[in-house]
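Please read the structure below before turning to the comments.
The values are calculated or read from the model by the stated rules, or taken from the named source; none is laboratory data. As the structure is a computational prediction, the values presented were derived from the model and not from experiment. Methodologically, a virtual Cβ is constructed for each residue, glycine included, from the backbone with ideal geometry; neighbour enumeration extends over all protein chains shown. SASA here: full protein model, heavy atoms, side chains in, ligands and nucleic acids out. Shrake-Rupley method; radii C 1.70, N 1.55, O 1.52, S 1.80 Å.
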Amino acid sequence: MAEIDFSKYKIPRIRHHSNRSFYFSADKHTKKVSTYPPADKSINWSKIFANAKPPDCIDIGCGLGKFMLRYACNYPDLNILGLEVRNVAVNWINGIIKSEMLGNAGALWYSSANLFPFIEDESVSRVFCLFPDPWVKRRHNKRRVINKSTINDIHRILLPKGKLYLMTDVDELSGYHIEQLESHGGFTFQLVSEDNWDLKFRSNQEEFCLSRGISIKRMICTKQV
């Protein structure tokens, strides 16, 4: 298994939460927020991937990118796009991508609240959403990444039988994901153990949870044909 020596790259100081406005779509803002991520409607893929092709996989909320970078290293024929609202993290990831010459990986400063208009219908094989912020207070639930709108758009962009991978260490959030998926009706899904989790590479947060003995909920969702 190919691996990056992450010790070569100093991790930047980064806030856990970004501006709360980032978790709402651009059209919900009554005033323009100068620090809001660009709400791109289209993307020139030649500026992100060496083969100028669109992504095969998307990592929503890629954080510091350890999972997506490992994925790119081990699947050089697949393009993986990371989306992250914290620009400091995006710049750090793209610095590693440039240094390691990973032509099949790219991170984009973007809020998934704006959905994925730059992705064509039925063009993506896998979508990853690993340890999204739980927003445990009820009044903050509307900021959660996985909701009715994002599930609809993930369903749109996935290939038939394409997969959505969800991972969290918060039981209540896992239950919320199940409610949203059941309401949508376009996916079959199951909670799986680590032994049946078919992703070989771990994210930063997964490594942290495993090191502390924190229980993890893993769910694999398959688009119904």
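Brief remarks on what is shown
- Calculated from the structure at hand, Rg and Dmax of the Cα atoms in Å is found among (1) 19.7, 56; (2) 21.8, 79; (3) 16.6, 48 as (3).
- Within the chain, DSSP assigns beta bridges of which about 40% are antiparallel (rounded to the nearest 5).
- Computed lengthening from Asn87 to Lys137, 0.36 nm per intervening residue step minus Cα-Cα distance: 15.5 nm
- Per residue accessible area of the range 1-157, 1.4 Å probe, in Å²: 53
- Whole-Å distance, taken between Cα centres, linking the range 163-212 and the range 16-68: 22
- Accessible surface of the range 107-225 [probe 1.4 Å, protein heavy atoms]: carbon and sulfur percent: 46
- Per-residue SASA remark: His155, around 50 Å² accessible (1.4 Å probe; ligands, DNA and RNA not included).
- One decimal place: the segment Ser125-Lys28 gains 31.9 nm when fully extended, by the rule 0.36 nm per residue minus the C-alpha distance.
- Low-density loop positions, GluC sites (Glu not before Pro), the range 80-124 - DSSP coil, at most 14 other Cβ in 10 Å: Glu120, Glu122
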